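To keep things clear, I will list the structure first and then write my remarks on it.
The values are calculated or read from the model by the stated rules, or taken from the named source; none is laboratory data. Because the structure is a prediction, the values reported are computed rather than measured. Here the Cβ positions follow ideal geometry from the backbone for every residue, glycine too, while neighbour counts run over all protein chains shown. The protein model used for the area step is the full one, side chains on, heavy atoms only, and it has no ligands, DNA or RNA in it. Shrake-Rupley method; radii C 1.70, N 1.55, O 1.52, S 1.80 Å.
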Amino acid sequence: MSEFKVNNIIIPEELPLIALKNVVLFPKSVVSVIIQRPKSVEALDYALTHSRLVLFVTQKNMGDNISESDLYAVGTIGRIVSVFKLPDGSSKIDIEGIIRAEVSRFAAHEPFFRAVALPLPLIIHDTLQEKALLRRTIEQFRVISENRSAPAMLPEFMYMLSQLKDTEHLLGIMTANLNLDVDDQQKILELESVSDILRQLNFFLTREVQILEAEKSIARDTKKQIGKMQKELFLREQLKSIEKELGVEDEKGEFEVLRKKILAAGMPDEVQEKALKELQRLGKMPAFNPEVSYIRTYLDVLADLPWVKKSKEKIDLKEAEKILNEDHYGLRKVKERILEYLAVQKQVGKLKGPILCLVGPPGTGKTSIGQSIARALGRKFVRVSLGGMRDEAEIRGHRRTYVGAMPGRLIQGIQSAKVKNPVFMLDEIDKVGADFRGDPSAALLETLDPQQNHAFSDHYLEVPFDMSDVMFVATANMLDTIPPALRDRLEIIEFPGYTEDEKFHIAKNFLLPKLFKDHGLKKRQLTFQDAAITDVIRNHTREAGVRELERQLASIIRKVTRKLVESPSVKTMVVTPASVHSYLGVVKYVHELAEQEDEIGRATGLAWTPVGGELLPIEVLRMPGTGKLLLTGQLGNVMKESGQAALSYARAYAAKHGIKEAFFKEDIHIHIPAGGIKKDGPSAGAAITTALISLLLKKPFRKEVAMTGEVTLRGKVLGIGGLKEKILAAHRAGIKTVIVPEDNKKDMDEDVPKEIKRDIKFVFAKTMDDVLKVALK
């Protein structure tokens with residue numbers, strides 16, 4: 001095909017092609033576009049140096065890198081009227097549409113699109129039906145322009161449309177000025193005849209009229225609703241004014257409900273007076289006042305608090321003791337203290353709640369004992385975790401002047417319990433922090449003082465609340481981080497950790513039944529031999545509590561459950577010490593055992609750790625030197641000083657026995673094995689002294705003996721702590737004789753189980769002479 005001529009404009013066979021984004025160019029219309037893509041700029045430059053004619057085709061998408069498939073087939077050949085260079089390097093051009101055209105084929109893609117275009121002249125029938133359609137279209141277009149929410153089109157514009165004789169130009173103007181999508185505009189551009197275009201425009205215009213009518217209807221309904229709300233607000237204010245003039249009190253609706261709740265709550269007189277005063281102030285406020293919701297919430301909190309409600313206590317000491325024994329094994333001191341409290345309360349009728357503080361290692365049952373106490377007392381149980389708390393307002397609440405203010409955790413706990421005498425557990429009281437928001441531990445002082453908490457003041461309530469009936473139980477892992485003033489208000493009950501025997505009974509009577517239930521096993525399906533339980537405790541756990549023990553037992557049960565499920569023919573299984581290692585792997589922890597033979601320069605001490613007692617072997621060596629003392633084994637300052645005191649006493653003792661010259665010309669090296677573990681404390685003094693004297697006198701230390709005790713420079717043996725754990729470690733290691741300070745004789749009946757007393761001989765030493773008589777051969 002060769003070039004063709006339209007309106008005296010010669011159009012060449014091949015034309016540069018520019019893709020348009022979100023714009024459709026119609027014949028006889030003038031539009032402005034921005035040219036900035038490289039291909040479009042190249043096409044523009046080519047057109048400006050040749051015929052100034054370009055084929056403008058609309059994109060199907062909004063991408064920058066386009067291909068033939070991204071372009072519509074029908075576009076418009078346009079003439080570039082003017083070009084304006086913009087500061088950013090792009091160009092703004094004005095285009096006049098000349099004729100519709102269809103892309104026959106693409107002649108080139110680079111450096112810009114070039115296409116062969118086939119002209120598509122518009123078919124005009126000029127019939128009466130077509131004229132009628134055109135007139136109706138213009139009329140609908142006028143109606144829409146007048147009814148839009150945006151400013152209507154100028155009357156001159158509408159007059160120009162009615163006078164315009166060029167049908168194609170008229171259709172292009174109307175299509176461009178309707179709210180049509182690019183796809184709909186393209187659809188109109190592709191239609192071949194005026195009749196088809198007019199029918200399509202009529203469809204779009206009718207749809208636009210319906211949309212406008214729907215918008216008007218929505219606007220009318222909204223205006224009507226707003227008018228109704230304003231009218232109701234006005235009438236309510238008038239009603240309040242009339243009632244105020246007549247002296248009629250507002251005792252209706254929710255205010256009446258609130259008043260009844262306040263009167264029925266049993267508040268003290270001054271608190272009730274304040275609540276009614278706040279209610280009266282609430283009634284005088286307009287409904288839209290933001291303070292209304294704050295006051296209503298405040299009054300709801302006051303009315304919901306249990307000012308007089310209590311749990312009914314039926315104190316039965318035997319039943320309480322039975323409940324405590326059902327839930328926990330051991331813990332004799334804790335149980336005795338609770339039963340004493342119950343006995344006194346039953347005798348007196350009311351007792352100011354004691355503040356018990358259970359202190360001990362993790363996993364020893366401190367938190368769960370709180371629930372048992374509540375069950376034994378027949379009270380509700382509330383628990384609040386204080387770990388990591390740094391804001392004083394968490395305890396005392398926020399002032400009501402703050403947005404989102406609420407009561408403190410204590411009042412919230414009482415509110416949730418719905419009684420004023422619950423068992424209230426303050427968990428992890430040793431982990432309370434302090435920062436710029438205050439010190440929560442200081443805020444606890446008033447709460448935990450039985451002489452003050454009958455009038456506890458919460459910042460949110462602004463009225464005193466009686467918490468003297470609450471039984472507070474605190475838990476902590478250590479006492480060091482609890483402030484002295486707070487510690488003074490607590491009755492400390494030590495949780496020393498469980499012995500092997502106690503862990504065995506806990507596992508057998510508490511943990512295994514619970515784990516069987518959790519894993520869906522019946523008692524007859526799985527049997528744990530006693531030796532297997534002991535093996536798990538001794539070789540696969542090292543802890544003061546029983547959490548790790550529970551995890552290890554659960555691990556065994558999971559593996560057994562899998563075997564039972566995979567092999568339906570297997571009905572029962574037995575866990576033996578041998579099978580424990582197949583389930584849990586190799587032994588994780590090895591305990592020190594008694595020595596196999598008597599040795600010189602060695603002694604066996606006893607050490608306390610948070611997870612139980614351990615044997616503490618001590619080795620001493622002499623070597624040529626200048627009389628220096630060398631201490632190794634990661635020893636703390638106190639233990640180093642014990643070593644120096646022991647050496648001083650040993651030198652004096654050796655001098656009495658005729659060892660003088662050689663001793664002072666030699667260095668002494670004291671080593672305590674397990675150098676990766678830090679050790680400290682004075683209780684190894686007796687063992688270090690004995691090892692030194694054994695070395696200097698060349699007398700062997702008896703292998704079946706272990707000892708504990710602090711030693712002074714004059715050779716006195718002083719009392720120590722952790723006696724129970726140390727003796728249990730000695731018994732586990734096979735020690736036959738334990739040397740204990742005379743000062744600890746009083747603790748034997750309370751701390752040492754009877755079965756251990758039968759197996760071990762105890763020697764009570766006042767001085768080192770008493771120790772050496774038994775320890776050395």
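From Gly378, Gly363, Gly397, grab the single residue that is over 30 Å from Thr541 (Cα atoms) and open to solvent by less than 30 Å² (accessible area, probe 1.4 Å).
On the way: Gly378 fails: open to solvent by less than 30 Å² (accessible area, probe 1.4 Å); Gly363 fails: over 30 Å from Thr541 (Cα atoms).
It is Gly397.
With respect to Ser40, is the statement that it is open to solvent by 70 Å² or more (accessible area, probe 1.4 Å), in a helix (DSSP H, G or I) and among the hydroxyl-bearing types (Ser, Thr, Tyr) true? Full working, then the answer.
Details: open to solvent by 70 Å² or more (accessible area, probe 1.4 Å): no; in a helix (DSSP H, G or I): yes; among the hydroxyl-bearing types (Ser, Thr, Tyr): yes.
The answer is no for Ser40.
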Report summary line: All-but-one check, Arg538 against (1) outside any loop (DSSP other than H, G, I, E, B); (2) at pLDDT below 85; (3) under 33 Å from the mean Cα position of the chain (by Cα); (4) of a type in the set (D, E, K, R), failing number (3)
Query raised in the report: Does any residue in segment 120-146 that is part of a helix (DSSP H, G or I) come within less than 9 Å, Cβ to Cβ, of a residue that is open to solvent by 90 Å² or more (accessible area, probe 1.4 Å) six or more places away or on a different chain, and which pairs are these?
Result: Glu130/Ile124; Leu133/Arg199
Report summary line: Among residues of segment 174-197 being at pLDDT below 75 and hydrophobic (A, V, I, L, M, F, W, C), the residue surrounded by the most Cβ atoms within 10 Å (Cβ to Cβ) is Leu178
Query raised in the report: Within segment 544-572, can you find the residues that are surrounded by fewer than 20 Cβ atoms within 10 Å (Cβ to Cβ), touching a residue at least 24 places away in the same chain (Cβ under 8 Å) and not in a helix (DSSP H, G or I)?
Result: Lys571, Thr572
Query raised in the report: Somewhere in segment 36-45, is a residue under 19 Å from Val182 (Cα atoms) and either touching a residue at least 60 places away in the same chain (Cβ under 8 Å) or in contact with a strand residue (DSSP E or B) (Cβ under 9 Å, 6 or more places away or on another chain) (or both)?
Result: no
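Looking at segment 447-478, which of the residues that are assigned to a strand (DSSP E or B) and farther than 23 Å from Leu299 by Cα is farthest from the chain's Cα centre (by Cα)? Reasoning before the result, please.
Quick first cut of segment 447-478, residues assigned to a strand (DSSP E or B) only: 456-457, 464-465, 471-476.
Now drop any that are not farther than 23 Å from Leu299 by Cα, which leaves 471-476.
Values: Met471: 29, Phe472: 27, Val473: 25, Ala474: 23, Thr475: 22, Ala476: 22 Å.
The selected residue is Met471.
Within segment 495-526, which residues are of a type in the set (Phe, Trp, Tyr) and modelled with pLDDT of 85 or more? Outline the logic, then answer.
Going through segment 495-526, the residues of a type in the set (Phe, Trp, Tyr) turn out to be 495, 498, 504, 510, 516.
Correct list: Phe504, Phe510, Phe516.
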Query raised in the report: Only one of (1) without any contact (Cβ under 8 Å) to a residue 24 or more places away in the chain; (2) hydroxyl-bearing (Ser, Thr, Tyr); (3) farther than 30 Å from Gly266 by Cα is not met by Thr401, so which one is it?
Result: (3)
Requested in this report: Check segment 709-717 and report whether any residue there is within 22 Å of Ile760 (Cβ to Cβ), free of Cβ contacts under 8 Å to residues at least 60 places away in the same chain, in contact with a Pro (Cβ under 7 Å, 6 or more places away or on another chain) and not charged (D, E, K, R).
Outcome: yes
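Can you tell me which residue is least open to solvent (accessible area, probe 1.4 Å) among those in segment 498-518 that are in contact with a strand residue (DSSP E or B) (Cβ under 9 Å, 6 or more places away or on another chain) and over 18 Å from Asp327 (Cβ atoms)? Give the derivation first.
The first filter runs over segment 498-518 and keeps only residues in contact with a strand residue (DSSP E or B) (Cβ under 9 Å, 6 or more places away or on another chain), leaving 498-500, 507-508, 512, 516.
Next, from what is left, pick out any that are over 18 Å from Asp327 (Cβ atoms): 499-500.
On the way: Thr499: 13, Glu500: 51 Å².
Once the filter is applied, the top-ranked residue is Thr499.
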Report summary line: The condition of being of a type outside the set (D, E, K, R) and within 44 Å of the chain's Cα centre (by Cα) holds, among Gly721, Gly685, only for Gly721
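Out of segment 429-457, which residues are buried (at least 20 other Cβ atoms within 10 Å of the Cβ) and closer than 30 Å to Ile295 by Cβ? Walk me through it before giving the result.
From segment 429-457, those buried (at least 20 other Cβ atoms within 10 Å of the Cβ) are 429-430, 432, 440-441, 443-444, 447-448, 453, 456; that's our starting set.
Pro440, Ala443, Leu444, Thr447, Asn453, Phe456 - these are the residues of segment 429-457 that are buried (at least 20 other Cβ atoms within 10 Å of the Cβ) and closer than 30 Å to Ile295 by Cβ.
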Query raised in the report: If you go through segment 43-83 one residue at a time, how many are under 17 Å from Ala101 (Cα atoms) and part of a strand (DSSP E or B)?
Result: 15
Query - Unmet requirement for Gly330, which otherwise passes all of (1) closer than 16 Å to Glu494 by Cβ; (2) modelled with pLDDT of 80 or more; (3) surrounded by 14 or more Cβ atoms within 10 Å (Cβ to Cβ) - result: (2)
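Pick out the one residue from Ala729, Ala686 that is under 16 Å from Trp608 (Cβ atoms), assigned to a helix (DSSP H, G or I), at pLDDT 85 or above and open to solvent by less than 10 Å² (accessible area, probe 1.4 Å).
Working: Ala729 fails: at pLDDT 85 or above.
Of Ala729, Ala686, the one residue that is under 16 Å from Trp608 (Cβ atoms), assigned to a helix (DSSP H, G or I), at pLDDT 85 or above and open to solvent by less than 10 Å² (accessible area, probe 1.4 Å) is Ala686.
Considering segment 344-401 alone, what residues qualify as being among the charged types (D, E, K, R) and not in a helix (DSSP H, G or I)?
Lys350, Lys352, Arg379, Lys380, Arg383, Arg390, Asp391, Glu392, Arg399, Arg400
Can you tell me which residue within segment 634-648, out of those that are in contact with a strand residue (DSSP E or B) (Cβ under 9 Å, 6 or more places away or on another chain) and open to solvent by 30 Å² or more (accessible area, probe 1.4 Å), is farthest from Ile688 (Cα to Cα)?
First, pick out the residues of segment 634-648 that are in contact with a strand residue (DSSP E or B) (Cβ under 9 Å, 6 or more places away or on another chain): 634-636, 639-640, 642-647.
Within this subset, residues satisfying the condition of being open to solvent by 30 Å² or more (accessible area, probe 1.4 Å) are 634, 640, 644.
Details: Gln634: 15, Lys640: 11, Gln644: 10 Å.
Among those residues, the one meeting the criterion is Gln634.
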Requested in this report: Tell me, please, whether a residue that is buried (at least 16 other Cβ atoms within 10 Å of the Cβ) and among the small types (Gly, Ala, Ser) can be found in segment 24-35.
Outcome: yes
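Looking at Arg259, Arg296 in this structure, which one is of a type outside the set (Ser, Thr, Tyr), without any contact (Cβ under 8 Å) to a residue 24 or more places away in the chain, open to solvent by 50 Å² or more (accessible area, probe 1.4 Å) and part of a helix (DSSP H, G or I)? Lay out the reasoning, then the answer.
On the way: Arg296 fails: without any contact (Cβ under 8 Å) to a residue 24 or more places away in the chain.
Going through Arg259, Arg296 in turn, the sole match is Arg259.
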Query - In segment 84-112, the residues that are over 18 Å from Phe26 (Cβ atoms), assigned to a strand (DSSP E or B) and open to solvent by less than 10 Å² (accessible area, probe 1.4 Å) - result: Ser91
**Report entry** Flag for Leu631 being in contact with a strand residue (DSSP E or B) (Cβ under 6 Å, 6 or more places away or on another chain), aliphatic (A, V, I, L, M), open to solvent by less than 20 Å² (accessible area, probe 1.4 Å) and under 18 Å from Glu710 (Cβ atoms)
**Finding:** no
Requested in this report: Please specify each residue of segment 59-83 satisfying the condition of being closer than 15 Å to Val24 by Cα, in contact with a Phe, Trp or Tyr (Cβ under 9 Å, 6 or more places away or on another chain) and touching a residue at least 24 places away in the same chain (Cβ under 8 Å).
Outcome: Gln59, Leu71, Gly75, Thr76, Ile77, Gly78
Report summary line: Only unsatisfied item for Val248, checking (1) touching a Leu at 6+ places or on another chain (Cβ under 7 Å); (2) at pLDDT below 75, is (1)
**Report entry** Residue list for segment 695-712, filter: modelled with pLDDT under 90 and more than 11 Å from Thr604 (Cβ to Cβ)
**Finding:** Leu695, Leu696, Leu697, Lys698, Lys699
Report task. Could you list all residues from segment 299-314 that are charged (D, E, K, R) and part of a helix (DSSP H, G or I)? Result -> Asp300, Asp304
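Just the residues that are in a helix (DSSP H, G or I), closer than 18 Å to Ile688 by Cα, touching a strand residue (DSSP E or B) at 6+ places or on another chain (Cβ under 8 Å) and open to solvent by 10 Å² or more (accessible area, probe 1.4 Å), please, taken from segment 733-777.
Filtering segment 733-777 for residues in a helix (DSSP H, G or I) gives 733, 742-751, 754-759, 768-775.
In the following step, the residues that additionally are closer than 18 Å to Ile688 by Cα were identified as 768-775.
Filter once more, keeping what is touching a strand residue (DSSP E or B) at 6+ places or on another chain (Cβ under 8 Å): 768, 770-771, 774-775.
Asp770, Val774 - these are the residues of segment 733-777 that are in a helix (DSSP H, G or I), closer than 18 Å to Ile688 by Cα, touching a strand residue (DSSP E or B) at 6+ places or on another chain (Cβ under 8 Å) and open to solvent by 10 Å² or more (accessible area, probe 1.4 Å).
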